[in-house]
Amino acid sequence: MSKLYINEAKSLHWDDTPSSDQMAQVKDLFPSKIRRRMTRLGLMMGELLHGVEIDSNTSIIYVSTFAETLTIEKYLKSFPFVSPQGFQMSIHPSSVEQVCVNRKQPMDRFFPITGKFGLVEMALNTAFLENNAERIIILGGEERGTWLTDHELASEINEASLLILSKNEKSSLGYVSKSNFDTNSHEFQSSGLKELKTAIDQKKDTYFNSLDRGKYEFHWKIGNE
Amino acid sequence: MVFIQGSRCITAHGDTSDTLDSLLLGKSALKKVPVLGDEGDEVPLALIHPLKMSNTTPRWLNSLVNAFPNLQDSKWGSYNRPIFFTSSNYGVDSLYAFSQDEDTSRKDFATTHGVIEKIRSLFGWGENFSIFSHACVSGGLGIDLASKALKDDEIDEALIFSFDFLSPFVTGGFHSLKILNGETPAPFSDREFGSIALGDGAAYCILSKQKSNIQLICSSLYNEMDSFTGNEETGSGFDSVLLPISKLSKGDLWIKGHGTGTLEAGFLESNACLKLFPDSPLVSWKGGIGHTLGSCAVVELAIAIEAISNGEAPGTVGAIEPLMNSNIEKDKFKTSDFNELLMLSNAFGGAHSALLVRYE
């Protein structure tokens, strides 16, 4: 069994139309000229990454099923008079790039992942492979769409999550482990990021278990919030 | 140690062998096509399939499966044999088509997960896969992590699978940025303006620890995060990704560069290669097959391996004098004069990947 310790875990949820309080959280994180051009997902990533140091020993794993939905919707509707900014911002992994380009924050190892079924497991598998990194940041998020959401081609919610993992057990909140498929446990695969947010918000022990992917478990220390 | 067991591709020139033969002759598969398929400015594209979808099933789906019949094997996607999908377009062609005609039968293919589920089903693959999407360095990421998993004895073999088929979503986008314009690209050429071409492409490579004549020595990744579209102006991103490679390269090296045809990136890339690898010829093949986007690293690796097997590598197709630097090779050359290959890709956001391969 392999283990990585959870050093930080946080999530955020914005209303369908973000409230003024929610937008106030990000108001001072970026210059107004830059903030106005950022996507909702980019702003959520900015809030999660606020105060999080990234250095050459940090690996970043970014996951999203639908990514910059609102931008994609506008971009698609701009045809045949195509929006260059819409195209630029729609390309995965735009949201993290928006934050890091603003910071002028280079990084060596950055892994943008997408998909839906087994998405959390994909992120965790990549984290366990990045075992040379001193810290591994898993970032994930979705932004609520409009007409694409009506057709189930985009998220219904604005949510984002962050996990910081390392081999450092000191002051950890718990750990994530990886092992072979457990024939004695129920088979369960994640279907997007909601299971990751639930794991972070509830801090209840949980697992993902499938024959082909193996078993990933979250174990939280009792009393930690 | 990690070895490449097999690698094949399809491009607008045909299969791996046809693609290599055409590039060795300096042939380009680019044709001028309306940028939105049936309207708009004409731009150079290397298409395997028409740009616009007519049917609800992606026009490339069956040909993708038929191109690689040897991959129809349920061992892929099992616990010890993961799949790394490494593309950039995935379902955007169906998403674009849906946005135009609102035909709900397109929805199954309009998401990344929908397309991957269909491909897995057609190939008979299991559920141990990861889907990477980082524009033109996607292939480099997959190869890097697959190699790591093998070195850590986590897996027995890895399949890196890439496919990118163009649609108005992406051709319209690059055209709006003015880099996909009416001009034919001339990679690494010192001219007044830059231009790129795009192409359809698909490829795979298989990595394992079983010895073969092609060894993957190391990979290097770097992300400048200096601006969205351009590179840091001193070329520091190129230097950063190449430096680890330069410390491990021992032999006689040739370089397959990214070389899309843009000016600034072309100068920065060729400058950095000349500085660290002054004796190494630098080539680009995007003038012959177009830029196949997320699949470019794996497509061009397949062509390079075919070139090694056949003894000759194509020069920089479409290059015109004067060239940007003295290290750029216009003409074909013998791969037996070398024993190492450096594969480079870079992407928006200043993302870079580099792979060092040693061969016998």
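Mind checking which residues of the range A:114-128 are touching a Lys or Arg at 6+ places or on another chain (Cβ under 8 Å) and either facing chain B (nearest Cβ under 7 Å) or part of a loop (DSSP other than H, G, I, E, B) (or both)?
A:GLY118, A:ASN125
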Listed by first then second residue, the pairs whose first member lies in the range A:85-105 and is at the interface with chain B (Cβ under 7 Å from one of its Cβ atoms) and under 12 Å from B:PHE348 (Cα atoms), whose partner is crowded, with 24+ Cβ neighbours inside 10 Å and of a type in the set (A, V, I, L, M, F, W, C), with beta carbons under 6 Å and at least 6 positions apart or on separate chains, are A:HIS92/A:ALA67; A:VAL101/B:MET225
Among A:ASN209, A:ASN184, A:ASN158, the single one that is crowded, with 16+ Cβ neighbours inside 10 Å, more than 14 Å from chain B (Cβ to nearest Cβ) and either in contact (Cβ under 8 Å) with a residue 24 or more places away in the chain or out of contact with any strand residue (DSSP E or B) (no Cβ under 8 Å at 6 or more places or on another chain) (or both) is A:ASN158
**OP:** Return a yes/no flag: does the range B:31-47 have any residue that is outside any strand (DSSP E or B), farther than 30 Å from B:THR184 by Cβ, modelled with pLDDT of 95 or more and within 21 Å of the chain's Cα centre (by Cα).
**Re:** no
Within 14 Å of another protein chain (Cβ to nearest Cβ), crowded, with 17+ Cβ neighbours inside 10 Å and touching an Asp or Glu at 6+ places or on another chain (Cβ under 6 Å): is that true of B:ASN80 in this structure?
no
When the range B:92-131 is checked residue by residue, the ones that are in contact with a Pro (Cβ under 8 Å, 6 or more places away or on another chain) and more than 8 Å from every other protein chain (Cβ to nearest Cβ) are B:ASP93, B:SER94, B:PHE109, B:VAL115
By my count, strands (runs of 3 or more DSSP E) wholly in the range B:132-231 with at least 1 residues that are at pLDDT 95 or above and at the interface with another protein chain (Cβ under 8 Å from one of its Cβ atoms) are B:214-223
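Among B:GLU321, B:GLU360, B:GLU340, B:GLU300, which is surrounded by fewer than 20 Cβ atoms within 10 Å (Cβ to Cβ), charged (D, E, K, R) and under 21 Å from B:SER147 (Cα atoms)?
B:GLU360
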Condition set touching a Phe, Trp or Tyr at 6+ places or on another chain (Cβ under 9 Å) and either of a type in the set (Phe, Trp, Tyr) or part of a loop (DSSP other than H, G, I, E, B) (or both), scope the range A:130-146, selection farthest from the other protein chains (Cβ to nearest Cβ): answer is A:GLU143
If you go through A:MET23, A:MET44, the only one that is without any contact (Cβ under 8 Å) to a residue 40 or more places away in the chain and either part of a helix (DSSP H, G or I) or crowded, with 21+ Cβ neighbours inside 10 Å (or both) is A:MET23
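The values are calculated or read from the model by the stated rules, or taken from the named source; none is laboratory data. Keep in mind that this is a model prediction, so the values were computed, not measured. When we count neighbours, we look across all protein chains shown, and the Cβ atoms used for this are built from the backbone with ideal geometry, even at glycine.
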